[in-house]
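Please treat every number below as a calculation from the coordinates, not as lab data. Since this is a predicted model, take the numbers as computed values, not measurements. All Cβ positions, even for glycine, are placed from backbone atoms using ideal geometry, and neighbour counts span all protein chains on display.
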Amino acid sequence: MNEVNINEIREHFDATIVVRGESVILKGEEKEIQVLEKIFKELVFLQSRQGNITRNDIRLVLELTDNNDSENSFRNNFGVSVSDIDNIILHKRNDYIKPKTATQIEYVKKVKENDIVFAIGPAGTGKTYLAVAFAVAALKSKVIGKIVLSRPAVEAGESLGFLPGDLSEKIDPYLKPLYDALEDMIPLEKLRTYIEKKTIEIVPLAYMRGRTLNNSFVILDEAQNATNVQMKMFLTRLGPNSKAIITGDITQIDLPGKEHSGLVQIQNILKGIPDIEFVYFNKNDVVRHRLIKNIIDAYERYNGV
């Protein structure tokens, strides 16, 4: 374990931590020493399993230990198996966000390995929620410095000009699902600070034109309602050290002509390009209410699919 990792641990405790060769000497209050012993025990376990320790490993173990009042290791107390640890996307207080289906596991793998990932499939499959979790995890670990979440402001045949209120009041209903996901992952006060400082931006797709997004995690949600021109505009905003996830359901296109959906066209345009991947979800990946899968089945039968 290198000095950077040790310093990461030192920042969280008053106790003295001295490393001599393969030995660690701890000096301080008994309660802190017990917690530190537990932390180093878990890190030794991870080291033996994966061959090295990353800063994310350190932070994960620190947070899990902070929330663990029992004498059991976090692997037992939090219900996290050895195989689960690699798939955890984001750890929250007393909880984790991790994939629950085979397609979601594929999603995690492709996001880790590629700079642009398209997640296409029906409602309730976790496309957007997991995308936001990826972005928040990258921000927390300082892999990127900014999150930009965007949606086309076109749904159910409505246009902004016909909605009451000022601009903010008009666009907020379209962006509310993104706020909901963030509020589930980041304490409210901290989220407000991020938004005030524009560390996290939630904007309509039309507001993306002309920007270059460096060192950012960018998400386009409900991308089936982006036109071909808008899709090209969004994808060409990406700057150095940035990643993008584009999510959508091509069975719920609200544009006047479904053939104009940029999400439909882009599947053929970008097929086979390195570092760009597509993940396709289906009704078996639904992780919301159990009835959603039945509802999707009913619509497919009605439409003769």
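General observations
- Size of charge dipole - the stretch 175-289 - debye, nearest 20, with Cβ of Lys, Arg +1 and Asp, Glu -1, no other charges: 360 debye
- In this rough spin-label picture, where each label sits 7 Å from Cα along the Cβ direction, the L291-D115 distance is 4.5 nm.
- If you take all other residues with their beta carbon under 14 Å from the beta carbon of L213, and give Lys and Arg +1 and Asp and Glu -1, the sum is +4.
- Scaled radius of gyration (Cα, divided by 2.2 N^0.38 Å) that the stretch 235-274 gives: 1.38
- Extension gain, E196-V143: 0.36 nm per intervening residue step, less the Cα-Cα distance, totals 17.0 nm.
- Between R211 and L188, the FRET efficiency from the beta-carbon distance, with R0 = 22 Å, is close to 0.20.
- Amide proton proximity set for G121, modelled H, under 5 Å, gap of 5+: G248, D249, I250, F281
- Cut-off under 5 Å, modelled amide H: who pairs with A244 long-range: I116, V117, V218
- Among the trypsin sites (Lys or Arg not before Pro) in the stretch 212-305, those located in a DSSP loop and surrounded by at most 14 other Cβ atoms within 10 Å of their own Cβ are K271, R288, R290.
- 5 angstrom amide H check on I147, placed H, neighbours 5+ away: I200, E201, F217
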